[in-house]
Ligand code: BES
Ligand code: MN
Ligand code: MN
């Protein structure tokens, strides 16, 4: 089983990089063929290079339906020289598999597929397969596994607009998040949304000699950094008019729950963040800043001269990629308009300033008061000895708001660990977590079927 996981992880399915489009297709086919062997009806939908895999398990009449969502695409692996072993040569060390995509999300998708495999009726002592014959799972299972989660989920989103009945189910299971801490499984009650854009500033026809023109000519970089600085004050408050007015603060009950979670600000800062201080709106607790407040982060600034040595130039153009994380009541569309207005207001008359939006997602809140959540709790209790803690997460999974549109409860409950380093060098998944995931999700399928 470990070998299979490593084969899947070795495929460099980096969705954002055209050089890797064929690898995205290969990863989809690897998974699709695997699901076909488990007697699923598999289709590749919406794109040659980044297809959504739809896999429908053997019909189990009269039993509930579980929809499984996940993604086979991964983030770019750079900086490559910071990896102890190459990102697409999965390597096992100390019970962990190191590879890009190990925890986000291939290893987690793999755990659900193996859970589905493990509880079929032809396996000794598992499943009932009522009326569906040998090889039948205990419930109806449909998979929707996409290849563009890391780039905004366009293909899947269009598919669900065309065919909204694809999200009709009794529960949606998403394993793409970590435990709260080792031994502490979690069900997320909220994810932040995102609004990702790029600001471009032009101040002259072309670059200029900084001696001949410096003192009179406008500088694109200077103009850009003034605009960026104007978007947030030094104490962490985002200066976009109206932004905070809309923010819905979590209930006192929810916040009190977070205060009871084991959380050490000092070790979070030193060991996880690796910094000398934490920033943001200091009057709110850290978990509230991470889970329930909007952010504005600059991801990179380019333009001008950054090569070896020195060059005396006044850059004519500069650009910055940035994003806001969104919390309940802030929508991608609305915030994109607010940000555009704020940037225009900060732009000096002499500069051409434009902003393009690259992708976005609305935030989600999940009500965990229904039967499927009791069952995932029971599955975790049996395997891990503890119910899933209710937390939120600061990350985004763009399609989640659409997965719940037909009313199915969306269970955001993954098997990663907080130190998995997703999106970073030396990403890993702990193998013990994968095997636990196989048991937990397998139990969940059985419990959904009524096999308490
Ligand atoms: N699996 C993550 C999101 C995540 C991680 C949520 C941990 C909660 C806890 C997902 O693959 C991801 O990285 N999403 C992107 C979305 C974006 C690229 C549209 C993100 O959050 O940056
Ligand atoms: Mn993910
Ligand atoms: Mn990711």
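The values are calculated or read from the model by the stated rules, or taken from the named source; none is laboratory data. Just so we're clear, the structure is a prediction, and the values are computed from it rather than from any experiment. Ideal geometry is used to build each Cβ from the backbone, glycine not excepted, and the neighbour counts take in all protein chains shown.
Brief remarks follow.
- Taking strands (runs of 3 or more DSSP E) as the structural unit, those lying wholly within the stretch 31-75 and holding at least 3 residues that are surrounded by fewer than 19 Cβ atoms within 10 Å (Cβ to Cβ) correspond to 41-45.
- Counting only strands (runs of 3 or more DSSP E) that fall entirely inside the stretch 168-207 and contain at least 2 residues that are within 16 Å of ligand 3 (Cβ to nearest atom), the qualifying elements are 186-191, 193-202.
- Within the stretch 1-15, the residues that satisfy the criterion of being at pLDDT 95 or above, in contact with a helix residue (DSSP H, G or I) (Cβ under 7 Å, 6 or more places away or on another chain) and not in a helix (DSSP H, G or I) are 11, 12, 13, 14, 15.
- Scanning the stretch 435-452 for residues that are surrounded by 24 or more Cβ atoms within 10 Å (Cβ to Cβ) and under 17 Å from residue 70 (Cα atoms) turns up 437, 440, 441, 442, 444, 445.
- So residue 48, is it touching a helix residue (DSSP H, G or I) at 6+ places or on another chain (Cβ under 8 Å), without any contact (Cβ under 8 Å) to a residue 60 or more places away in the chain and either farther than 20 Å from residue 173 by Cβ or within 16 Å of ligand 1 (Cβ to nearest atom) (or both): yes
- Hey, residue 240 part of a loop (DSSP other than H, G, I, E, B) and more than 30 Å from residue 185 (Cα to Cα) or not: yes
- Candidate set: the stretch 412-432, residues that are more than 15 Å from ligand 2 (Cβ to nearest atom) and modelled with pLDDT of 95 or more; chosen: the one surrounded by the fewest Cβ atoms within 10 Å (Cβ to Cβ): 432
- Hey, residue 271 in a helix (DSSP H, G or I) and modelled with pLDDT under 95 or not: yes
- Where helices (runs of 4 or more DSSP H) sit wholly within the stretch 340-452, those with at least 1 residues that are more than 16 Å from ligand 1 (Cβ to nearest atom), on the phi < 0 side of the Ramachandran plot and out of contact with any strand residue (DSSP E or B) (no Cβ under 7 Å at 6 or more places or on another chain) occupy 371-384, 431-448.
- For first residues located in the stretch 227-245 and loosely packed, with under 13 Cβ neighbours inside 10 Å, partners that are part of a loop (DSSP other than H, G, I, E, B) and at pLDDT 95 or above and lie 6+ apart or on another chain with Cβ distances below 9 Å form the pairs 233/239; 235/279; 235/280; 235/281; 235/282.
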